[in-house]
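Asker: The following block contains the structure, expressed as structure tokens.
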Amino acid sequence: MLARGDELYRDLPWRHVDDPYAVLVSEIMLQQTQVARVGRFWERFLSAFPTVDALASAAVPDVLELWQGLGYNRRALALKRTADTCAAEGAGRLPETYEGMLALPGIGPATAAGVVAFAYQRPAVYLETNVRSVFLHELFPEEEAVSDKVLLPLVEAAAFHPAAAADPRRWYYGLLDYGAHLKATVPNPSRRSAGHSRQSAFEGSRRQKRAWIIRRVLAAPEGVSRAAVLADLNTAELAAGRPEVEPPLFNSIVADLLAEGFFREENDTLTP
DNA sequence: TTCCAGCGGC
DNA sequence: GCCGCCGGAA
């Protein structure tokens with residue numbers, strides 16, 4: 001496996017750093033986002049916000065602005081909140097343990113394990129789509145609907161085996177690169193994961209409107225009225241050949257965005 | 001069309 | 001457990 005990993009090695013920019021913050025930013029950006037898209041976003045983001053303290057000191061709209069085009073805007077808010085917490089309570093340093101990382105917003109089991117393995121160079125159970133593909137392909141070539149409950153102990157046993165634990169970074173680089181290679185050569189093994197499900201269409205979806213509204217408000221630093229946002233949204237919807245958005249749906253989306261902290265409202269004006 | 005170094009809320 | 005979340009490359 002290690003030899004196969006070396007053979008398929010991908011020289012990605014975040015593989016040249018061991019700063020936990022820089023690694024965390026890469027892990028967050030790579031959540032459900034393909035490697036090819038992340039590269040330039042990662043470099044731009046770290047240039048603008050090179051440290052936890054820099055990100056904590058930044059304004060939310062500036063962070064969201066740099067995130068546009070990457071997708072899943074929630075991740076940017078969660079990352080910002082994680083930086084705020086670590087700046088205030090951790091002297092600008094991320095937690096050093098898996099459990100500590102897991103307690104922070106936007107950081108789940110995979111991301112916490114990724115930071116532990118790639119930044120701290122300690123063994124961790126890092127089960128994400130490429131690792132899942134490798135285990136399904138190698139150990140369950142015929143089975144359908146294999147659950148992570150079955151895979152987790154296997155990944156754990158492998159990761160904590162001395163051969164892997166001696167160099168967790170190299171071990172997981174190999175798994176990731178082999179998994180990525182598999183997807184280019186055989187039908188996606190992860191389709192045989194029990195949790196695998198197809199995503200709903202983006203075109204015309206609620207989340208497409210969400211993203212549009214976020215961009216519209218970000219473009220109005222001085223604020224913009226709800227009515228103006230709705231009118232502009234409907235102009236865009238009609239231009240795209242879609243029906244107008246009814247006010248209840250629009251208000252529901254705006255309520256979500258306000259609650260999640262994407263922008264604020266002052267007497268009917270939405271302000272980033 | 002399919003998928004992507006997942007997470008959080010329910 | 002199930003669903004919503006973003007956007008574009010292939």
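Derivation of every value follows stated rules applied to the coordinates shown; laboratory data play no part. Keep in mind it's a predicted model, so treat the numbers as computed, not measured. Cβ coordinates were reconstructed from backbone atoms using ideal geometry, including for glycine residues, and neighbour counts include every protein chain displayed.
Asker: Using Cα-Cα distances under 8 Å and only pairs 6 or more residues apart, what relative contact order does chain A have, in percent?
Answerer: 18
Asker: If the viscosity is 1.002 mPa s and the temperature 20 °C, what Stokes-Einstein diffusion coefficient in µm²/s follows for the range A:206-271 when Rh is the Kirkwood radius over Cα pairs?
Answerer: The diffusion coefficient I find is 182 µm²/s.
Asker: Here's a follow-up. Can you pull the Rg over Rh of chain A, Cα-only, Kirkwood?
Answerer: In chain A, Rg relative to Rh is 1.02.
Asker: Next up: How far is helix A:148-159 tilted, in degrees, relative to the longest principal axis of the Cα atoms in chain A, given as a value from 0 to 90 rounded to the nearest 10?
Answerer: Result, in degrees: 50.
Asker: Could you work out [θ]222 nm for chain A from helices alone, using -39500 (n - 2.57) per DSSP H run of at least four and dividing by all its residues? Round to the nearest 500 deg cm²/dmol.
Answerer: It comes out at -18000 deg cm²/dmol, rounded to the nearest 500.
Asker: Pull out a ≥ b ≥ c, the square roots of the eigenvalues of the alpha-carbon gyration tensor of the range A:47-196, then state rounded if a/c is under 1.5, prolate if not and a/b is larger than b/c, and oblate in the remaining case.
Answerer: Prolate shape, in that a/c is at least 1.5 and a/b is the bigger ratio.
Asker: Average projected area of the Cα convex hull of the range A:1-126, in nm²?
Answerer: Computed as one quarter of the Cα hull surface, the answer is 7.5 nm².
Asker: For an R0 of 25 angstrom, estimate the FRET efficiency from the Cβ-Cβ distance between A:T51 and A:L12 and round to the nearest 0.05.
Answerer: In this case the efficiency is close to 0.75.
Asker: If you don't mind, another one. Using a 10 Å Cβ count of at most 16 others and DSSP loop calls, identify the longest part of chain A lacking such trypsin sites (Lys or Arg not before Pro).
Answerer: A:94-197
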